[in-house]
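Participant: Got a structure here, written out as structure tokens. Questions coming.
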Amino acid sequence: MVYDSAGVLRADDGSELARVEALPAPALARLVAGADSYEIEKPSALGWYFQLLDGGRGVVYDFKPGLRKGGTMRAAGGEEVAKLLKALIGTSWTITPAGSEPIEVKRREGLVGSVVADDGRIVAPDLDLSVPGTTALGDDLARLLAFACWLIAEWDA
């Protein structure tokens, strides 16, 4: 699976699972997964606190950072849905959905290392995701992975 520098999460066969597009303020981006559309917002001017909101402006996921790169993603009711963790050395990350095996995420190298220039702006290169064969890839997981990959790409860029 790949999350490319254009913000598209693709399955191993190349089919699009979800897409994240930049938006004007106050939203940062729109996440589209299947027929559903969500907005990514930053409710606080400080820190790496982000929310994924549905069309009715309800919280789908709430991401709060940890002490180092990464953090915890929670559902609207407060239950943990995933953990993101950056390796201390290198460019790899781990996304661990609640009750599931870890998904390894590795950053590809760009033209100048960890970033690529695209139309005058700096973007992070593609992310390669290694989803365990026992993990069922449904719409909910695609949405969660697209949001997590957007967070990782923003952090790395």
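The numbers here are math on the coordinates, done by the rules we state, and not lab data. Predicted model only: the values in this text are computed from it and were never measured. Here the Cβ is made from the backbone with ideal geometry for all residues, glycine too, and neighbour counts use every protein chain on show.
Participant: In the Gaussian network model of the chain, springs joining C-alpha atoms below 10 Å, which of ASP62, ASP36, ASP128 carries the largest mean-square fluctuation?
Facilitator: Between ASP62, ASP36, ASP128, it is ASP36 that shows the largest mean-square fluctuation.
Participant: Right, next: Considering the zone a paramagnetic label at TYR49 would reach in this model (a point 7 Å from Cα along the Cα-to-Cβ line), which residues of segment 142-157 have amide N under 20 Å from it?
Facilitator: Answer for segment 142-157: 148, 151-152, 154-155.
Participant: Note down the relative contact order for the chain as a percent, whole number, built from C-alpha pairs under 8 angstrom at least six residues apart.
Facilitator: Reported as a whole number, the value is 18 percent.
Participant: Run the dipole for segment 27-84 about the Cα centre, Lys and Arg Cβ at +1, Asp and Glu Cβ at -1, nothing else charged, and hand back the magnitude in debye, nearest 20.
Facilitator: 320 debye
Participant: Continuing with the same structure: Using the Cα centre of segment 2-156 as origin and beta-carbon charges of +1 (Lys, Arg) and -1 (Asp, Glu), tell me which of ALA142, THR72, ALA45 is placed farthest towards the positive end of the dipole.
Facilitator: It is ALA45.
Participant: List the GluC sites (Glu not before Pro) in segment 1-107 that DSSP assigns to loop (not H, G, I, E or B) and whose Cβ has at most 12 other Cβ atoms within 10 Å. Which are they?
Facilitator: GLU79
Participant: Picking from SER44, SER92, SER130, which is most flexible by a Gaussian network model of the chain using Cα springs under 10 Å?
Facilitator: SER44
Participant: Would you mind working out the magnitude of the charge dipole of the chain relative to its Cα centre, with +1 at each Lys and Arg C-beta and -1 at each Asp and Glu C-beta, to the nearest 20 Debye?
Facilitator: The dipole magnitude comes to about 580 debye.
Participant: With a/c under 1.5 counting as rounded, go ahead and sort the chain into rounded, prolate or oblate using the C-alpha gyration tensor (a ≥ b ≥ c being the square roots of the eigenvalues; past the cut-off, prolate if a/b is larger than b/c, else oblate).
Facilitator: rounded
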